[in-house]
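Presented below is the structure to which this report refers.
The values are calculated or read from the model by the stated rules, or taken from the named source; none is laboratory data. Because the structure is a prediction, the values reported are computed rather than measured. Here the Cβ positions follow ideal geometry from the backbone for every residue, glycine too, while neighbour counts run over all protein chains shown.
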There are 2 protein chains.
Amino acid sequence: MFADLFNRFFSSKSGRIYLDYAGSTPVDFSVVKEMENFQKVFSNPSGLYKESMLAKESLTDFRTRVAKVLNVTKNEVVFTSGGTEGNNMALLGTFEKFKTKIFTPHFITTSIEHSSTLEVCKEIERRGGEVTLLPVSVEGVVSVTELEKSLKDNTVLVSIGYANSEIGTIQPIGDVGKIIKDWKSKNRNSYPYLHVDGSGTSLYLSLDVGRLGVDLYTLDGAKIYGPKGVGCVFVKAGTEIRPIIFGGGQERGFRSGTENLVGIVGFTVALEHAHKDRELESSRLTLIRDYAIETILKNFPDSKINGSIKHRLPNNINICFKGLDAEFATIQLDLLGFSVSYSSSCVTLKDDSSSYVIRAIGGEECSKSSLRFTLGRDNTKKDIDLLILALKKVVK
Amino acid sequence: MFADLFNRFFSSKSGRIYLDYAGSTPVDFSVVKEMENFQKVFSNPSGLYKESMLAKESLTDFRTRVAKVLNVTKNEVVFTSGGTEGNNMALLGTFEKFKTKIFTPHFITTSIEHSSTLEVCKEIERRGGEVTLLPVSVEGVVSVTELEKSLKDNTVLVSIGYANSEIGTIQPIGDVGKIIKDWKSKNRNSYPYLHVDGSGTSLYLSLDVGRLGVDLYTLDGAKIYGPKGVGCVFVKAGTEIRPIIFGGGQERGFRSGTENLVGIVGFTVALEHAHKDRELESSRLTLIRDYAIETILKNFPDSKINGSIKHRLPNNINICFKGLDAEFATIQLDLLGFSVSYSSSCVTLKDDSSSYVIRAIGGEECSKSSLRFTLGRDNTKKDIDLLILALKKVVK
């Protein structure tokens, strides 16, 4: 019965329009091919024989390639099982390291972070830490003044998403880094560390992690046309965090477990593509995005844009339609052939159809009436024209 | 330069004999094929549109298939990134759950466990828990009498590997389970839980986890001709553990992070093959194993077997050659075309060429002089004859 559904779905020319690239990206064909090539390098890299040596060298080769894209050294790249594990490693790893040095380690983040940051913060509080959630502006931008005021002697980590996955607002990471740097030099402290979640931004924002002034940076294969179940964390040399997964001491002790070479190959190739295509694809999508926003706002007088126009991911369109039931509209649009989202996927899971991100930017009434359209490589301006037609049927 | 090495290695008919299947297994061709088929089901299972529904249904379908093999219900299957994460989840998850209920949660395991159990135990001690390492017999069998004596009011978990990955000794899990069950009923306690690490045994020992009397059970794709970076933990209904990775609440809250469907597909197919082939392949390898042990012991008078003859994995041969430098011998055998190991891979990584497992069974002088040969599907009796010839050159 299931196989049946599967075949029916993929055998028919579906003609559907996918507008949820922030939820998940398809895997690039060249990525799949290169992963296939490496299926034969299956040996445990920790052995002492030729097959193992080859696996170990492959691992070093791909680690070096990732490091090159990120402009960091290869020993600063720690492979993980994805973005969620990466954020957990950065936050819980810092907490577990400092909790023996500082009675109550203090963390600062924003109220609009992804659940893989916010839920970890709850766990940190449960384990005895302290968390400050910074408010954001009506455009979703974190206030650096508030950040500066929140820094305390026991602050060990500031964690900020490079851009918000729902409303696409890009944060001023450079300014945040400068404030932390000044604070550290004034207080002669080696902390707080700055962690940036770049899981959802690698296709569009700078991958020059080495110049970003961060201590920890999360990347995820699932959001960059790469495989799921693999990602990496940049851990700047000298940054003291404890692992969250213990065992054989792989990844220089930061992450135990037999290395998933095939996944790492896929992640690396996808990351290199992201790097190469970034500027062109960002320009292309920015045009489509701006066309979409302009046309939707014009066609629906009771609609407004959520998030910043200026500091916005090139692929993010998030619109509030006054009085709309966004959950129901998502289902209706699905029936019309459009895959869209009304909040981030990880929120959908919680059976709460309202968006905490949109509430946090002061849009209480928009929190259940907003739709997110996130563009990707298969989208064209024509998709937007078709979307408008569909929206006219759905939005009354 | 690297690509060169890669091509040279795989283009030449290598004619090598691989005897480290306990270190890692190649991925089955049919597994790779089925994973490829599912690359197109890329959507985030948490969405509300058709592609997401299909991903969600696929996930349920494969979870149900895993549950069927394990004779458990599908809600008791929690997908992970592999065996190491699985063991961490079982142990640290239990610790974090109980540390607020019991001042010093107590854990019992054996001195010969895999590093992904022993290193977690060290972390549990660091976080304020208490750990008892049970001794084992000269054959590597855990003493159930010692276990019974070690149980205390604050014991929350007993963790035992189903079989040892170095010396292949199978543990009496049934007896262990019975002792714990009696203790719980006598003390009217819902704990200690019994956790069994079955990562390395799925190809040969019973997969009827539902009947094994355990609360937590770890499986790993990398050891069953499946993909790396994926595995699962059986968490018996009602077992209270905390997650170790927090976020969107996937896997019923036990393990957050976008589900790695393609990996899960590969894991499931590999597990089904393991289940189907288990009896026949166990019989076949037992014959080769016994032939190997007999022939080696006959040809090398100063050699002896490590571990139990009777309670032994069908694919494990671990021999102590008096006075041999096992590390050097591994390298020499590699030059002669054999891939073997002198301890488990995760120990090799620690730059310590002696085996703590063999020390624990009283083989101090054997701990640096033992070689492990682990068989798999491509091995035949002829490989053993060739191995003996090679050993004659290496063992003086």
Residue count, the stretch A:45-72 (criterion: of a type outside the set (Gly, Ala, Ser) and under 24 Å from residue A:203 (Cβ atoms))
11
Inside the stretch B:36-45, can you point out the residues that are of a type in the set (A, V, I, L, M, F, W, C) and either within 8 Å of chain A (Cβ to nearest Cβ) or not in a helix (DSSP H, G or I) (or both)?
B:41, B:42
State all residues of the stretch B:290-300 that are touching a helix residue (DSSP H, G or I) at 6+ places or on another chain (Cβ under 9 Å) and in a helix (DSSP H, G or I); if no residue qualifies, say none.
B:291, B:292, B:295, B:296, B:299
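In the stretch A:343-361, what count of residues is obtained for those that are at pLDDT 90 or above and either among the small types (Gly, Ala, Ser) or outside any helix (DSSP H, G or I) (or both)? Lay out the reasoning, then the answer.
Of the stretch A:343-361, the ones at pLDDT 90 or above are A:355-361.
Filter again for either among the small types (Gly, Ala, Ser) or outside any helix (DSSP H, G or I) (or both), leaving A:355, A:360-361.
Counting residues in the stretch A:343-361 that are at pLDDT 90 or above and either among the small types (Gly, Ala, Ser) or outside any helix (DSSP H, G or I) (or both) gives 3.
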Residue in the stretch B:106-138 that is nearest to residue B:152 (Cα to Cα), counting only those that are of a type outside the set (Ser, Thr, Tyr) and in a strand (DSSP E or B)
B:106
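Rundown of residues vs (1) of a type outside the set (Phe, Trp, Tyr); (2) touching a residue at least 40 places away in the same chain (Cβ under 8 Å), yes/no style:
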{"site": "A:353", "(1), (2)": "yes, no"}
{"site": "A:356", "(1), (2)": "no, yes"}
{"site": "A:370", "(1), (2)": "yes, yes"}
{"site": "A:377", "(1), (2)": "yes, yes"}
{"site": "A:382", "(1), (2)": "yes, no"}
{"site": "A:392", "(1), (2)": "yes, yes"}
With respect to the numbered conditions (1) within 14 Å of chain B (Cβ to nearest Cβ); (2) over 29 Å from residue A:202 (Cβ atoms), which one is the sole condition not fulfilled by residue A:299?
(1)
Of all residues in the stretch A:106-117 being more than 9 Å from every other protein chain (Cβ to nearest Cβ) and of a type outside the set (Asp, Glu), which is nearest to residue A:196 (Cα to Cα)?
A:109
Only one of (1) in a helix (DSSP H, G or I); (2) in contact (Cβ under 8 Å) with a residue 60 or more places away in the chain is not met by residue B:307, so which one is it?
(1)
Check residue A:269 against each of (1) surrounded by fewer than 18 Cβ atoms within 10 Å (Cβ to Cβ); (2) touching a Ser or Thr at 6+ places or on another chain (Cβ under 9 Å) and name the one condition it does not meet.
(1)
Subset tally (residues that are buried (at least 20 other Cβ atoms within 10 Å of the Cβ), without any contact (Cβ under 8 Å) to a residue 12 or more places away in the chain and in a loop (DSSP other than H, G, I, E, B)) for the stretch A:46-100:
3
Would you mention how many residues in the stretch B:258-289 are part of a helix (DSSP H, G or I) and either modelled with pLDDT under 95 or of a type in the set (Asp, Glu) (or both)?
4
Qualifying residues in the stretch A:272-283 (those that are buried (at least 18 other Cβ atoms within 10 Å of the Cβ) and out of contact with any Lys or Arg (no Cβ under 8 Å at 6 or more places or on another chain)) - the one farthest from the other protein chains (Cβ to nearest Cβ):
A:275
Residues that are within 21 Å of the chain's Cα centre (by Cα), more than 14 Å from chain A (Cβ to nearest Cβ) and over 18 Å from residue B:159 (Cα atoms), drawn from the stretch B:58-105
B:66, B:67, B:69, B:70, B:71, B:72, B:76, B:77
Test for residue B:103: is it on the phi < 0 side of the Ramachandran plot and modelled with pLDDT under 95:
yes
Filter the stretch B:1-35 for residues that are assigned to a helix (DSSP H, G or I), modelled with pLDDT of 95 or more and more than 7 Å from chain A (Cβ to nearest Cβ) and give the result.
B:29, B:30, B:31, B:33, B:34, B:35
Working only within the stretch A:292-312, note down all residues that are out of contact with any Ser or Thr (no Cβ under 7 Å at 6 or more places or on another chain) and within 20 Å of residue A:361 (Cα to Cα).
A:293, A:302, A:303, A:304, A:305, A:309, A:310
Pick from the stretch B:324-342 the residues that are among the aromatic types (Phe, Trp, Tyr) and touching a helix residue (DSSP H, G or I) at 6+ places or on another chain (Cβ under 8 Å): which of them is modelled with the lowest pLDDT?
B:342
